[in-house]
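Colleague: Quick one: this structure, given as structure tokens, is what I'll be asking you about.
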């Protein structure tokens, strides 16, 4: 990928519907060369797709939270994963190494819905414990499969760490329970 490819990607990031003729004028190439470069970038995975953003997304209308899940048995927790897949507000579910077993990212219409989902997860058979963190603000939010110009070939980074918050008024966070990897 060269500097012209980077310019093409930058322009398409600003406006993915920009006509090839307009894009050609911005990068000082012919329309056909721009089309060929875009097709090559798509084949190579630098352009993985074009994303639709619905009204309300990214404007604070969605409550986002991370739920870190401890399973009772790491090796036989398939039922927990199957149940998480059925929750429509679960946008990311990843198995982790280290202290926690699963990281779930929720995007819900309200804080009450996040609480309801948290209760569902916490009471699932096979779940030993959970820690919930609400997203206060989003600093970087790249489309899934997005590419970074500073790290060619790498997908978008994982969500940033969030502060730990109590889910209910009676819940408390015990700092001694937070385990650190050696």
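Each value in this text was obtained by applying a stated rule to the coordinates, not by laboratory testing. The model shown is predicted, which means the values in this text are computed figures rather than measured ones. With ideal geometry, Cβ positions are generated from the backbone for all residues, glycine too; neighbour counts draw on all protein chains shown.
Colleague: Going by C-beta contacts inside 10 Å, put 101, 2, 120 in order with the fewest on the left.
Modeller: Exposure proxy ranking, most exposed first: 2, 120, 101.
Colleague: Compare the peptides 41-47, 10-16 by average per-residue count of other Cβ atoms within 10 angstrom and give them in order, highest first.
Modeller: Descending packing order for the listed peptides: 41-47, 10-16.
Colleague: Still on this model: Semi-axes of the stretch 3-43's equivalent ellipsoid from the Cα gyration tensor, sqrt of 5 times each eigenvalue, largest first, rounded to whole Å?
Modeller: So the equivalent ellipsoid measures 12, 12, 10 Å along its semi-axes.
Colleague: Between residue 48 and residue 17, what is the label-point separation in nm under the 7 Å Cα-to-beta-carbon projection?
Modeller: A separation of 2.4 nm, rounded to one decimal place.
Colleague: List the residues of the stretch 107-127 whose backbone N lies under 11 Å from a point placed 7 Å from the Cα of residue 79 along the Cα-to-Cβ direction.
Modeller: What the label zone holds, given the 11 Å backbone N cut-off, is 124-127.
Colleague: Of the peptides 125-135, 77-87, how do they stack up when ordered by the mean number of other Cβ atoms within 10 Å, highest first?
Modeller: Descending packing order for the listed peptides: 125-135, 77-87.
Colleague: Taking the Cβ-Cβ separation of residue 96 and residue 139 as r and a Förster radius of 22 Å, what is the calculated FRET efficiency to the nearest 0.05?
Modeller: Once the sixth-power term is evaluated, E becomes 0.55.
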